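Just below is one structure, and these are the notes that go with it.
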Amino acid sequence: MRICVIGGGLVGLATTLQLRREFPGAELTLLEKEPDFGRHQSTHNSGVLHAGLYYKPGSVKARMAVHGIRLMTEFCRSHGIAHEICGKLVVAVDETEVARLKTLLERGTQNGLKGLRWLNRDQLREIEPHAAGIAAVQVPEEGIVDYTAVVQAMAADNRAGGATLLTGARVTAIRREGPQGWVVASTAGEVRADFIVNCAGLHCDRVAELAGEQRSTRIVPFRGEYYQLKASSSGLVKHLIYPVPDPTFPFLGVHFTRLIHGGVEAGPNAILATSREGYRKTNLNLADLADALTFGGLWKFMRRHKAMCWEEVVRSFSKRRFCASLQKLVPEITEADLEPGGAGVRAQAMTPAGELVQDFELVERPDALHVLNAPSPAATASLAIGEEIASRVRRLARK
Ligand SMILES: Cc1cc2nc3c(=O)[nH]c(=O)nc-3n(C[C@H](O)[C@H](O)[C@H](O)COP(=O)(O)OP(=O)(O)OC[C@H]3O[C@@H](n4cnc5c(N)ncnc54)[C@H](O)[C@@H]3O)c2cc1C
């Protein structure tokens, strides 16, 4: 069996690891276009280990998140990777949010999270003395991690296990060879495979199209921008402080995250990116922009959520507005406490009807599997996603 994995982010690397377990004798090749692994979403994120509080019970996301955090923390423990289960607080600031927070608590309980606790205002202040809010849910299983170290460890394990990992290998064409095989052409040469697994993140829809799929759902890139708290203010946040998210969107809302190597980050917002790999406001990729603007789904989305889209644009350019969002959670924060941080771009699938795909989407074909939506918490859940993919490849390969 020859299997070719396209994309060397956390999902592709974890999938290759789990494929090795499922198919010990297989010829495994991973193709990554960048000079190193995990250069995109996998290392441009909040660095949080999510336990599965938010996701609809029974969804692939809920299943993968709950199992995934256990696999990921075990991986970190066994590889000596810096991580800390510091716990998270989701904070409600008014009565409407309290009602939504109750729903989240029920969801988390149904999803099997352990130790969830409802906190009143005083209990919240004991844990986070500077947090606003009239109620909160404490999620003790969640934490923070060094995903860059996870990427490196997964790449090393894959190589030690005999997989061939190629960098500088951008997949440019995929064609059939015979009734069952594939030839995957890349900038590092051709790979012949019986099965392909597409884990190309921000480009997964394009890679799927190379393999003959229709691009009905489209990746729409949403940039998330961060500020960092100045060292003198980082004492205002002890753990992770999250708002109650708007259930209409898969984004969690700007939050405070302690970083594993020190410091506190605030963000990310969610604004349409003018380049799929554009980490700065000024990055413009005409092909990416044209791709987004010629997609009817995006226009329907923007029409339906006009106010939210406009607010995100304003907040992206106005530090004052960004700070105001943060002050809902920690009122003492001022603009002077914030300095510009990094950014990440989310690969978010959108349907032609303009709906954001909420669940993970794994599309099966007899000799291919395409990961067409793997947004947050896919970093945490990568090993569980990889395990799921390996067992699906086993089932498909038997047919
Ligand atoms: C701002 C932000 C915050 C987030 N916060 C969190 C968090 O705190 N916790 C969490 O669990 N998740 C978080 N996420 C989500 C998480 O980071 C992603 O879901 C996860 O990293 C997806 O991994 P991936 O391997 O699918 O994608 P990627 O990491 O983007 O990897 C895809 C890879 O495919 C390669 N590729 C693309 N096209 C080709 C091609 N043609 N040929 C070869 N290679 C190709 C790319 O170069 C890339 O390396 C966040 C995401 C963002 C953007």
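What fraction of the DSSP beta bridges in the chain is antiparallel, stated in percent and rounded to the nearest 5?
Just about 75 percent of them are antiparallel.
Compute the angle between helix 382-398 and the longest alpha-carbon principal axis of the chain, please, reported from 0 to 90 degrees and rounded to the nearest 10.
The two axes meet at around 30 degrees.
Give the long-range amide H neighbours of Phe23: residues separated by 5 or more places, or on another chain, with amide H under 5 Å away, using H modelled in the peptide plane at 1.01 Å from N.
Here the answer is none, since no amide H 5 or more places off falls under 5 Å of that of Phe23.
Which of the aspartates and glutamates could a cross-linker span from Lys319 if the Cα-Cα distance has to be under 19 Å and same-chain partners fewer than 8 positions apart are dropped?
Straight-distance partners of Lys319: Glu225, Glu265, Glu311, Glu332, Glu335, Asp337, Glu339.
Given a cut-off of under 8 Å on Cα pairs at least six residues apart, what relative contact order in percent is computed for region 218-350? Present the calculation step by step, with values, prior to reporting the outcome.
Details: 216 pairs, mean separation 52.9, N = 133.
With pairs under 8 Å counted, the relative contact order is 40 percent.
Could you give the angle, 0 to 90 degrees to the nearest 10, between helix 95-110's Cα long axis and the longest principal axis of the Cα atoms of the chain?
Helix 95-110 sits roughly 40 degrees off the main axis of the chain.
Between Thr282, Pro366, Ala292, whose Cα lies farthest towards the positive end of the dipole of the chain when Lys and Arg beta carbons carry +1 and Asp and Glu beta carbons carry -1, centred on the Cα centre?
Looking along the dipole axis, the top candidate is Pro366.
So how do 53-59, 120-126 stack up, highest first, on mean other-Cβ count within 10 Å?
Result, highest mean Cβ count within 10 Å first: 53-59, 120-126.
So, by mean Cβ neighbours within 10 angstrom, what's the order for 300-306, 323-329 with the highest one leading?
323-329, 300-306
Taking a threshold of 27 Å on the Cα-Cα distance, which of the pairs Lys61/Lys88; Lys56/Lys88; Lys33/Lys300; Lys281/Lys328; Lys102/Lys238; Lys300/Lys328 fall above it? Could the numbers behind the result be given before it?
On the way: Lys61/Lys88 19 Å; Lys56/Lys88 19 Å; Lys33/Lys300 33 Å; Lys281/Lys328 25 Å; Lys102/Lys238 24 Å; Lys300/Lys328 30 Å.
The pairs that break the limit, which is 27 Å between Cα atoms, are Lys33/Lys300; Lys300/Lys328.
Show me, for region 236-248, the HN-Hα J-couplings you get by feeding each phi into the Karplus relation (A = 6.51, B = -1.76, C = 1.60, θ = phi - 60°), rounded to Hz, glycine and proline as x.
Once θ is set to phi - 60°, the couplings for region 236-248 become 5, 10, 9, 10, 10, 10, 10, x, 6, x, 6, x, 5 Hz.
If I fit a long axis through the Cα atoms of helix 147-160 and take the longest principal axis of the Cα atoms of the chain, what angle between them do I get, 0 to 90°, rounded to 10?
20
Rank by packing, highest mean first: peptides 9-19, 216-226, with packing defined as the count of other Cβ atoms within 10 Å averaged across residues. Let's see the in-between values first.
Working: 9-19: 28.7, 216-226: 22.0.
Peptide ranking by packing, descending: 9-19, 216-226.
Using the Karplus curve 6.51 cos²θ - 1.76 cosθ + 1.60 with θ = phi - 60°, work out ³J(HN,Hα) for each residue of region 184-193 in order, rounded to whole Hz, and write x for Gly and Pro.
Working through the residues one at a time gives 9, 8, 9, 5, 10, x, 9, 10, 9, 9 Hz.
Find how many whole Å separate the alpha carbon centroid of region 57-78 from the alpha carbon centroid of region 347-399.
What the calculation gives is 15 Å, centre to centre.
Could you tell me the relative contact order of the chain? Use alpha-carbon pairs under 8 Å, at least six residues apart, and round to a whole percent.
Relative contact order, the chain: 24 percent.
For region 298-303, what does the Karplus curve 6.51 cos²θ - 1.76 cosθ + 1.60, with θ = phi - 60°, yield as ³J(HN,Hα) per residue in whole Hz, taken in order and with x for Gly and Pro?
With the stated coefficients, region 298-303 comes to 5, 5, 5, 4, 5, 5 Hz.
The numbers here are math on the coordinates, done by the rules we state, and not lab data. Remember, predicted model here, so these are calculated numbers, not experimental data. Cβ: placed from backbone, ideal geometry, glycine included. Neighbour counts: every protein chain shown.
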